[in-house]
Amino acid sequence: MKTRLALFGPPGAGKGTQAYFLSERLGFTHISTGRMLRMAEREDSPLGRMAQAYTASGHLVPDDLMYDLVERALNDCGFDRFVLDGFPRTLAQARWLSAFLAKEGRALHVVIFLDLADEMIIARLSRRRVHKVTGESFHLDARPPVGVDPALIIQRADDRPESVVERLHVYRRSTQAVADYFRERGDLRRVPAAGTFDAVHDRIIRVLYEP
Ligand code: AMP
């Protein structure tokens, strides 16, 4: 089975939810750079203070700030059985990751490109809510936070319409280069991200077990 994964794709494609269930069901370490940044912001750490202006407006946090976070997380899981969620997002990050793993004698097994049409992205993000403490993602229709204290369920600042438009622009500007990079290396697998959570999950599992 493939055990070194990155999930790539537009905001709202389901990267976080799918990664969360890969971690729950298959014991993968879920490495979400977005969630680490949100935690840093909540703790008001120096990183959080630096990142806040970028994340709130839907811009990417500078590459240099990301490398420490990812390096630590990969070290902690022994460079295996991990699923990266939201990293790499730029060509520089993709190159850095390949070089960093190579230094450890490792390589990604696959980059799963969760592909979703724009109308669906906007529909999903406008109805997305997250758990204030755990960061778990919900959707008001498809995956409502049943039984969770409503006071703990919030909308991410960057899921508001102004930020979503910017995030889609940012995604388009960096996507092509990142997708091309991994496609050329033979590492990219496109998985349609439309449909139910279970349907997408099954597609991912099939990719993991392909020879
Ligand atoms: P996400 O939770 O993956 O949607 O990330 C939320 C926000 O965190 C993004 O819109 C960026 O501002 C920032 N962020 C997350 N991952 C990265 C990354 N790999 N590079 C730069 N910024 C990132």
| Conditions (1) within 18 Å of the chain's Cα centre (by Cα); (2) more than 16 Å from the ligand (Cβ to nearest atom); number of the one not met by L140 | (1)
| How many of the residues making up region 164-181 are touching a residue at least 24 places away in the same chain (Cβ under 8 Å) and under 16 Å from the mean Cα position of the chain (by Cα)? | 9
| Top-ranked residue of region 48-105 - restricted to ones that are acidic (D, E) and assigned to a helix (DSSP H, G or I), ranked as nearest to the ligand (Cβ to nearest atom) | D63
| said: Which pairs turn up if I take residues in region 65-78 that are farther than 17 Å from G48 by Cβ and at pLDDT 95 or above and look for partners that are surrounded by 16 or more Cβ atoms within 10 Å (Cβ to Cβ) and basic (K, R) with beta carbon separation below 8 Å, at least 6 apart in sequence or on another chain? | reply: none
| remark: Checked A6, A53, A73, A40 against criteria (more than 22 Å from H139 (Cβ to Cβ), in contact with a Gly (Cβ under 6 Å, 6 or more places away or on another chain) and small (G, A, S)); the one match is A40
| note | For region 14-45 the number of residues that are more than 15 Å from the ligand (Cβ to nearest atom) and closer than 15 Å to Y67 by Cα is 0
| Only one of these conditions is not met by T55: (1) touching a Phe, Trp or Tyr at 6+ places or on another chain (Cβ under 8 Å); (2) buried (at least 21 other Cβ atoms within 10 Å of the Cβ); (3) over 23 Å from D180 (Cβ atoms). Which number is it? | (1)
| said: Looking at F21, F82 in this structure, which one is under 22 Å from V133 (Cβ atoms) and touching a residue at least 24 places away in the same chain (Cβ under 8 Å)? | reply: F21
| request: Among the residues of region 68-96, count how many are at negative phi and either small (G, A, S) or surrounded by fewer than 18 Cβ atoms within 10 Å (Cβ to Cβ) (or both). | output: 12
| note | Within region 125-163, the residues that are buried (at least 19 other Cβ atoms within 10 Å of the Cβ) and in a helix (DSSP H, G or I) are L125, D158, D159, S163
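Quick check on my filter: what residues within region 172-204 are within 18 Å of L97 (Cβ to Cβ), assigned to a helix (DSSP H, G or I) and open to solvent by less than 50 Å² (accessible area, probe 1.4 Å)?
S174, T175, A177, V178, A179, Y181, F182 - these are the residues of region 172-204 that are within 18 Å of L97 (Cβ to Cβ), assigned to a helix (DSSP H, G or I) and open to solvent by less than 50 Å² (accessible area, probe 1.4 Å).
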| task | Could you grab me the full set of residues in region 106-124 that are in contact with a strand residue (DSSP E or B) (Cβ under 6 Å, 6 or more places away or on another chain) and either open to solvent by less than 60 Å² (accessible area, probe 1.4 Å) or in a strand (DSSP E or B) (or both)? | result | L108, V110, V111, I112, F113, L114, D115
| task | Only residues that are within 26 Å of R95 (Cβ to Cβ) and more than 14 Å from the chain's Cα centre (by Cα): list them for region 33-45, please. | result | A40
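The values are calculated or read from the model by the stated rules, or taken from the named source; none is laboratory data. Fair warning: this is a prediction, and the values are worked out from it, not measured in the lab. In this analysis, Cβ positions are derived from the backbone assuming ideal geometry, glycine residues included, and neighbour counts consider all displayed protein chains. Note: areas computed on protein heavy atoms with side chains; ligands, DNA, RNA excluded. Shrake-Rupley method; radii C 1.70, N 1.55, O 1.52, S 1.80 Å.
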